[in-house]
Amino acid sequence: MNNAINKEIHSGVSGKLKKRSYFAEIWHRLVKSPVAVVCIVYLAVLLIGIIFADVIAPYDDKATDLSSRFQTPNAEHIMGTDDFGRDLFSRLLHGGRTSLIVAIIAVAIGIGAGMIIGAVCGYFSSLVDNILMRFMDVVMAIPGMLLAICVSVALGSGIVNTALAIAVGTIPMIARQLRSSTLLIRNQEYIDASLLFGASSVRIILHHVIPNTLAPIIVQSSLYIGGSIMAIAGLSFLGLGVQPPTPEWGNILNNGLDHIYDVATRWHVIVFPGMFIVVTMLAFNMLGDSLRDAMDPRMRK
């Protein structure tokens, strides 16, 4: 009798000890959200499509056929053709690759620079903090799209310059967020212990401060990628971003703008590019919201 009770207690205790890891627990809570699952599936399919666009795309995205201009969706061209007879589906797949690459570069630059500035300001909290934060306030006072337009005009068009133009508006927000997190962390006991062991300020920032502030940054990355895709498309739509003949969702949509008055017969050159931009941005934003809920300690049971 006692042995049976002991076994039951032991199995209960061992079951409690076998908890999921931190990231496994986040994933478990994330996939419980139907919205998150739909977003993950959509983004996974989109990612596979744009990575293997050279294989999946039925036509060359730059191949023209003037005899097939403005075909509406049909068996040969599932999303129709544009004003040069180019297959719209093939161009959107290749354009998605450009949009996502530029968005990832922009977010990586913005988060990298913002994390360094925010960690330095929060850790030292002195004259350096006041100077850099006031400069970040000035940058944040300028509307993001207007700032991107100004930087794009100054640097010129192209993939790298467009990414830099978008990244400039991301840096202040990341810097302020990292500064707030660093102010909470810098007075912790393990920071004092590192100082007693002779660790330099650079080592403490790189090995203790930044790693312990990654959770909110991971969430923000997803949100910023969605916003960057929209901003990149906006710049390309205005003719300041990625330039033709390189396909990008914004310049594909801009190409269809000339035919907006023939929407009854040429609706596809506007609807499909706009649909890709909006749905992808919403997917990243909703995934970011779901990820934030999944990483919230108050949501744990």
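The values are calculated or read from the model by the stated rules, or taken from the named source; none is laboratory data. This one's a predicted model, so the numbers in the text were calculated from it and none came from an experiment. As a convention, Cβ positions derive from the backbone with ideal geometry for all residues, glycine included, and neighbour counts pool all protein chains shown.
Structure summary
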read-out	value
Test: residue in region 233-249 that is in contact with a His (Cβ under 8 Å, 6 or more places away or on another chain) and assigned to a helix (DSSP H, G or I)	no
From the options Ala175, Ala148, Ala103, Ala167, residue that is within 19 Å of the chain's Cα centre (by Cα), under 29 Å from Pro58 (Cβ atoms) and buried (at least 23 other Cβ atoms within 10 Å of the Cβ)	Ala103
Residues within region 210-220 that are at pLDDT 75 or above and of a type in the set (A, V, I, L, M, F, W, C), tallied	3
Residue match in region 283-301 (condition: free of Cβ contacts under 8 Å to residues at least 60 places away in the same chain, in a helix (DSSP H, G or I) and more than 28 Å from Leu93 (Cβ to Cβ))	yes
Helices (runs of 4 or more DSSP H) completely within region 152-204 that count 2 or more residues being touching a Ser or Thr at 6+ places or on another chain (Cβ under 8 Å)	159-185, 201-204
Residues within region 52-100 that are surrounded by 16 or more Cβ atoms within 10 Å (Cβ to Cβ), outside any loop (DSSP other than H, G, I, E, B) and under 31 Å from the mean Cα position of the chain (by Cα), tallied	16
Hits in region 261-283 (condition: surrounded by fewer than 18 Cβ atoms within 10 Å (Cβ to Cβ) and over 18 Å from Pro73 (Cβ atoms))	Tyr261, Val278, Leu282
Residue under evaluation Val45, criteria (1) exposed (fewer than 13 other Cβ atoms within 10 Å of the Cβ); (2) at pLDDT below 90; (3) of a type outside the set (Gly, Ala, Ser), criterion not met	(2)
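Here is a yes/no grid of residues against (1) farther than 19 Å from Val202 by Cα; (2) of a type in the set (Asp, Glu):
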{"position": "Val102", "(1), (2)": "yes, no"}
{"position": "Ile111", "(1), (2)": "no, no"}
{"position": "Ile116", "(1), (2)": "no, no"}
{"position": "Val120", "(1), (2)": "no, no"}
{"position": "Asp129", "(1), (2)": "no, yes"}
{"position": "Ile142", "(1), (2)": "yes, no"}
{"position": "Asn161", "(1), (2)": "yes, no"}
{"position": "Leu164", "(1), (2)": "yes, no"}
{"position": "Ala167", "(1), (2)": "yes, no"}
